[in-house]
Amino acid sequence: MSVVVRTNSPESTRAVAAAVAATFGDGDLVVLAGDLGAGKTCFTQGVALGLGIDGRVTSPTFTLHNRYEGSLVLNHLDVYRLDDLEETLDLDLPELLEEGVTVIEWGEQIDPVLPADHLVIRLLLADADNDRRIEFYAGGPRWTERIPAIATAIAAVAKVEGMSDG
């Protein structure tokens, strides 16, 4: 199942992410994929807002992992600079997935080592400078069941462009 929405500013991208964060729970894994500069960190900032996290949320491009405390823990990873899958062992993903929500920027690069049950969010550059197409794909039964709730959460702040079973 999937949901598609378009945003037209960083603020609207954050608003969509904050709304979707209300559907997240302990142990959830969210993979952010898509174009360079499309707003993966901006989206994560919105997730942080939705989880009640105050303070600055920055990309962990060089540190690989940032942890934030809110209504749930937010584990924010960026695997863009990893050269091979073996480096993911240093991230200790199984332990991170035990508490809070884990959001991985460029997570499609390490898909073979990720649990099958995760949400994939593709952020794509669109026509105008700040326009984005954001696609939410359910990976596994847990997320398939939650796609309607994600669509409802998005609809509260933006127009859902499409929803499909495929």
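The values are calculated or read from the model by the stated rules, or taken from the named source; none is laboratory data. The model shown is predicted, which means the values in this text are computed figures rather than measured ones. So basically every Cβ, Gly included, is an ideal-geometry build from the backbone, and we count neighbours across all protein chains shown. Each accessible area value is taken on the protein alone, full model and side chains, heavy atoms only, with ligands, DNA and RNA left out. Shrake-Rupley method; radii C 1.70, N 1.55, O 1.52, S 1.80 Å.
The residues of the chain expose, per residue, 47 Å² of accessible area to a 1.4 Å probe.
For the Cα trace of the range 15-110, dividing Rg by the Kirkwood Rh returns an Rg/Rh value of 0.93. Taking label points 7 Å from Cα along the Cα-to-Cβ direction, S71 and D129 give a separation of 3.4 nm. Annotation: average projected area of the chain is 8.8 square nanometres, based on the convex hull of Cα atoms across all directions. Pick out, in residue order, every one of the chymotrypsin sites (Phe, Trp or Tyr not before Pro) in the range 1-104 that is DSSP loop and has at most 10 other C-beta atoms within 10 Å; say none if there are none. Loop-located and lightly packed - F62.
Here the gap between V113 and S9, fully extended at 0.36 nm per residue and compared with their Cα-Cα distance, gives a gain of 34.1 nm.
Where in the range 119-153 are there trypsin sites (Lys or Arg not before Pro) that are in a DSSP coil and have at most 14 other Cβ atoms within 10 angstrom of their Cβ? Of the trypsin sites (Lys or Arg not before Pro), not one in the loops of the range 119-153 has a Cβ with at most 14 other Cβ atoms within 10 Å. A compact globular protein would have a Cα radius of gyration near 2.2 N^0.38 Å; the ratio found for the range 1-50 is 1.11.
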